[in-house]
1. Mean 1/r over all different Cα pairs, inverted: what Kirkwood radius does the range 14-73 give, in Å?
2. Take peptides 181-189, 255-263 and line them up by average Cβ neighbours within 10 Å, highest first, as a rough protection proxy.
3. Consider just the alpha-carbon atoms of the range 70-121 and return their Rg together with their Dmax, both in angstrom.
4. Evaluate 2.2 N^0.38 Å with N set to the residue count of the range 17-111, then give the Cα radius of gyration divided by it.
5. Mind checking which lysines have their Cα closer than 28 Å to the Cα of LYS210? Skip sequence neighbours fewer than 8 apart in that chain.
6. Quick one: pull the percent of accessible area on the chain belonging to carbon and sulfur, 1.4 Å probe, ligands and nucleic acids left out.
7. For the range 44-112, which trypsin sites (Lys or Arg not before Pro) are in a loop by DSSP, counting at most 12 other Cβ atoms within 10 Å?
8. Given N residues in the range 192-275, what is its alpha carbon radius of gyration divided by 2.2 N^0.38 Å?
Amino acid sequence: MKIAFVGKGGSGKTTLSSLFIRHLVADGGTVIAVDADINQHLGPALGLDEAEAAGLPAMGDRLPLIKDYLRGSNPRVVSTETMIKTTPPGEGSRLLRVRENNPVYDACARPVELDGGAVRLMVTGPFTDADLGVSCYHSKTGAVELCLNHLVDGPDEYVVVDMTAGSDSFASGMFTRFDITFLVAEPTRKGVSVYRQYKEYARDFGVELKVVGNKLQGKDDIDFLRAEVGDDLLVTVGHSDWVRAMEKGRPTRFELLEETNRQALRLLRTTVDSAYERRDWERYTRQMVHFHLKNAESWGNERTGVDLAAQVDPGFVLGESLTASV
């Protein structure tokens, strides 16, 4: 299952995504965690110190390797230079699976030990001074989108993505790459502004969106969020001494997280697992193609010098029935 955590900067989306990752691992789930926010806070939220977090390999810096592996022997993709972030898989492409070892994970993923298990962590890499004037952070997050386009995941397999703040994922269609999106919102007008943007953009694409209220202090805050987001409000989270200790670098055992917050995480897990029954791989593939053609026409064809529409394999549908890399 592919899960996105989104929200405005400072909403607590990274904290909530890290708690959910810990919860999944503690329950025995197989998890890949992806920090798609160029501010790169997920590693420290999972317990890495500054040096360890800074030493994580950046997916954006390994994009040529990612492209070369995923391209495989797909005859419709004539070279890695013609692959863009929305290039869809087809016959001959190599696919990624959660429970496997492959050159992409070897190069880009690192294990992070958590209570009761470990998670594979992948990061886009920060936007540095060297990128100014010659690039933009979409070239970093493009590596994440390309991997999601080639990813086949099943039940009890979880890919949790801490997205970039705000609504920038709409620029490429990455917001359609998930089984469910959790939007973390504070009880303020600014806190729900990103929700309104997501709701508007996602309306035509069947994106399943649920709101997690954070930093609530009482009934007035809950009533405010309920009035603003309606039935999309799934659960609310309040103050956590466990989180405060974690942010100070002194976390206790995860099993000591407050019971109310553990209940909230269990509800998130139940909501994610129930979304599996509504999966539609044909729609998922169709949306992938839609945004690829859109990007090809708007900038990709000019950038690569080829007609990227030719990369679309009309008979290919991504899905769990593809049990081996092709």
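The values are calculated or read from the model by the stated rules, or taken from the named source; none is laboratory data. No experiment lies behind these values; they were computed from the predicted model shown. Cβ coordinates were reconstructed from backbone atoms using ideal geometry, including for glycine residues, and neighbour counts include every protein chain displayed. Each accessible area value is taken on the protein alone, full model and side chains, heavy atoms only, with ligands, DNA and RNA left out. Shrake-Rupley method; radii C 1.70, N 1.55, O 1.52, S 1.80 Å.
1. It works out to 13.2 Å.
2. 181-189, 255-263
3. Gyration radius and largest Cα-Cα distance of the range 70-121: 14.5, 45 Å.
4. It is 1.25.
5. Once the sequence-local lysines are set aside, what remains near LYS210 is LYS2, LYS8, LYS13, LYS85, LYS140, LYS190, LYS199, LYS219, LYS294.
6. Carbon with sulfur: 49 percent of the solvent-accessible area.
7. Loop-located and lightly packed - ARG99.
8. Rg over 2.2 N^0.38 Å, computed on Cα atoms: 1.26.
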